Amino acid sequence: MNFNLTQIPLRNAKPRSSGITMVMDKGLSIEEAKNFLSVAHPHVDIVKLGFGTSYVTPNLREKIEIYQSAGIPVYFGGTLFEAFLVRGQFDDYISICKDYQITYIEVSDGSITIPHSEKCGYIEKLTKYGTVLSEVGSKDAAHIIPPYKWIELMQAELDSGSSYVIAEAREAGNVGIYRGSGEVREGLVQEILTRIPGEKIIWEAPQKAQQLYFIELLGCNVNLGNIAPYEVLPLEAMRVGLRGDTFHLFLDKENGK
């Protein structure tokens, strides 16, 4: 860091297995991606090319190489996986990941219905080609999954080979683990944590209040996803108690002012 401050919580060093910040790139230009990395690369662990944007992104290969040359894994949004799957092009999806040297792969079923045993089968197959992140939760706000089912699905996907399970929220943070207002479904989150290790979950948390909730609940090394590029530095400051929301969170109660 740029100067010494005491009572700063210890962030796990990169490459880290917990404390992950997953950024969603929904359409940065080549120059914007370079500018973003010039200030944020120490704090970014993974970049997701949101939903199906990679299909329509100009100079896609060049953009992916920019992230990869900075040592940051890139992966295609789960919606693209589903788009290939629903068209019967699963093998084509694997070929594209190989072609673009994509080594992180998201498996989701937020837009289409896949029998869960079949989804777990895809997870198992894809572990041969890279690190699998599997997303749990529906993008349909009307489809409410009870807590016991979240736990059951997450555990089965971890058992099938997922390195992390992603708790669905969409890019807006208003479904899945959140209510339509963006408020955290606290009972759901806390029940999930009774059975699933927090370090194996990436919580999609695009809104500041959502990020704050998880930092207060699980500490500075909680895994957070769907972070906007321009929110990476504000999030990192919040993680270490250098934003008003968490200013007193990590201070020694006896010595802190």
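The values are calculated or read from the model by the stated rules, or taken from the named source; none is laboratory data. Being a predicted model, the structure only gives us computed values, none of them experimental. Neighbour counts are summed over all protein chains in view; Cβ atoms, including those assigned to glycine, are modelled from backbone coordinates with ideal geometry.
Values as computed for the structure displayed
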{"read-out": "Flag if TYR129 is under 22 Å from ASP25 (Cβ atoms), crowded, with 21+ Cβ neighbours inside 10 Å, at pLDDT 95 or above and among the aromatic types (Phe, Trp, Tyr)", "value": "no"}
{"read-out": "Evaluation of ASP109 against (1) of a type in the set (D, E, K, R); (2) part of a loop (DSSP other than H, G, I, E, B); (3) modelled with pLDDT of 95 or more (one fails), failing number", "value": "(3)"}
{"read-out": "Which listed residue, of GLY198, GLY176, is of a type outside the set (A, V, I, L, M), within 22 Å of ILE46 (Cα to Cα) and surrounded by 24 or more Cβ atoms within 10 Å (Cβ to Cβ)", "value": "GLY176"}
{"read-out": "Residues that are buried (at least 21 other Cβ atoms within 10 Å of the Cβ), in a helix (DSSP H, G or I) and among the aromatic types (Phe, Trp, Tyr), drawn from the range 52-81", "value": "TYR67, PHE81"}
{"read-out": "Residue in the range 82-103 that is touching a Lys or Arg at 6+ places or on another chain (Cβ under 7 Å), at pLDDT 95 or above, surrounded by 18 or more Cβ atoms within 10 Å (Cβ to Cβ) and of a type in the set (A, V, I, L, M, F, W, C) present", "value": "no"}
{"read-out": "Odd one out for ASP140 among (1) surrounded by 18 or more Cβ atoms within 10 Å (Cβ to Cβ); (2) of a type outside the set (Phe, Trp, Tyr); (3) at pLDDT below 95", "value": "(1)"}
{"read-out": "Any hit, the range 121-135, residues being over 22 Å from TYR93 (Cβ atoms) and not in a strand (DSSP E or B)", "value": "no"}
{"read-out": "Verdict on ALA13 being among the aliphatic types (A, V, I, L, M), at pLDDT 95 or above, within 23 Å of ALA205 (Cα to Cα) and not in a loop (DSSP other than H, G, I, E, B)", "value": "no"}
{"read-out": "Qualifying position, being of a type in the set (Gly, Ala, Ser), in contact (Cβ under 8 Å) with a residue 24 or more places away in the chain and more than 22 Å from VAL107 (Cα to Cα), among GLY173, GLY187, GLY161", "value": "GLY187"}
{"read-out": "Residue check, TYR178 among the aromatic types (Phe, Trp, Tyr), closer than 19 Å to LYS48 by Cα and under 16 Å from the mean Cα position of the chain (by Cα)", "value": "no"}
{"read-out": "Residue among LEU233, LEU217 that is in contact with a helix residue (DSSP H, G or I) (Cβ under 8 Å, 6 or more places away or on another chain), surrounded by fewer than 17 Cβ atoms within 10 Å (Cβ to Cβ) and under 23 Å from TYR75 (Cβ atoms)", "value": "LEU233"}
{"read-out": "Leading residue by the ranking (surrounded by the most Cβ atoms within 10 Å (Cβ to Cβ)) among those in the range 33-51 that are outside any strand (DSSP E or B) and without any contact (Cβ under 8 Å) to a residue 60 or more places away in the chain", "value": "ASP45"}
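Listed here are the residues, each with its yes/no results for (1) charged (D, E, K, R); (2) in contact with a Cys (Cβ under 9 Å, 6 or more places away or on another chain); (3) modelled with pLDDT under 95.
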{"residue": "SER160", "(1), (2), (3)": "no, yes, no"}
{"residue": "ARG179", "(1), (2), (3)": "yes, no, yes"}
{"residue": "ARG195", "(1), (2), (3)": "yes, no, no"}
{"residue": "GLY198", "(1), (2), (3)": "no, no, no"}
{"residue": "TRP203", "(1), (2), (3)": "no, no, no"}
{"residue": "GLY225", "(1), (2), (3)": "no, no, no"}
{"residue": "TYR230", "(1), (2), (3)": "no, no, no"}
{"residue": "LEU233", "(1), (2), (3)": "no, no, no"}
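Listed here are the residues, each with its yes/no results for (1) in a strand (DSSP E or B); (2) touching a Ser or Thr at 6+ places or on another chain (Cβ under 8 Å); (3) of a type in the set (Phe, Trp, Tyr).
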position	(1), (2), (3)
THR113	no, no, no
TRP150	no, no, yes
GLY161	no, yes, no
ILE166	yes, yes, no
